[in-house]
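Since the structure comes first, as structure tokens, the remarks are kept for the end.
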Ligand code: GNR
Ligand code: NI
């Protein structure tokens, strides 16, 4: 297993639209294991392949409080959306920022599991929000896209500046 590097906003690779997974094989399952290791270490409740620079339609999630609910969604499709949920969201690709986002409160999703079996599942609560957030990543969308342009610019400037500071030798003088 290996921990993978997570891309951070405004990295243009986060804007890539992922293509469908062609084969659910051992190579893909190794990537899935690495994504879980990366997500749990972060720590986060979800991770889309896009965030680790793999542009295939694959996401992992675990919204349980004790890491006992790992879920793998391959080629996910939303069949139905109902209701509204407003949640304070964060993103491992936008470290240190949290803001309210409005999404569907209930979704029905069809996907392939890690054995390549088709599953249809109803989701609500944090899991529904998380899966919509991860499926946005697969489309190249980030939660900051739902905020105002002014907020997004502020976040972008701050993250670019922070990154310059930590990587620059001047920072330690
Ligand atoms: O860890 C995460 N927490 C979170 C909280 C509210 C709504 C969505 C999320 S997903 C996020 C991890 C992440 O960035 N996944 O893409
Ligand atoms: Ni995210």
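The values are calculated or read from the model by the stated rules, or taken from the named source; none is laboratory data. Remember, predicted model here, so these are calculated numbers, not experimental data. Reconstructed Cβ throughout: ideal geometry from the backbone, glycine too, with neighbour counts over all protein chains shown.
Note on the range 46-69: residues that are part of a loop (DSSP other than H, G, I, E, B), away from ligand 1 (no atom under 11 Å from the Cβ) and either more than 19 Å from residue 120 (Cα to Cα) or out of contact with any strand residue (DSSP E or B) (no Cβ under 7 Å at 6 or more places or on another chain) (or both) amount to 9. State yes or no: is residue 43 within 26 Å of residue 152 (Cβ to Cβ) and either at pLDDT 95 or above or within 16 Å of ligand 2 (Cβ to nearest atom) (or both)? In short, yes. Considering the conditions (1) surrounded by fewer than 17 Cβ atoms within 10 Å (Cβ to Cβ); (2) under 21 Å from residue 33 (Cα atoms), residue 145 is excluded by exactly one of them, (2). Scanning the range 103-139 for residues that are surrounded by fewer than 21 Cβ atoms within 10 Å (Cβ to Cβ), within 16 Å of ligand 1 (Cβ to nearest atom) and closer than 25 Å to residue 6 by Cα turns up 126, 136, 139. If you go through the range 110-130 and keep only what is in contact with a helix residue (DSSP H, G or I) (Cβ under 8 Å, 6 or more places away or on another chain) and farther than 21 Å from residue 23 by Cα, you end up with just 123.
Among the residues here, residue 29 qualifies as away from ligand 1 (no atom under 13 Å from the Cβ), touching a residue at least 60 places away in the same chain (Cβ under 8 Å) and over 12 Å from the mean Cα position of the chain (by Cα).
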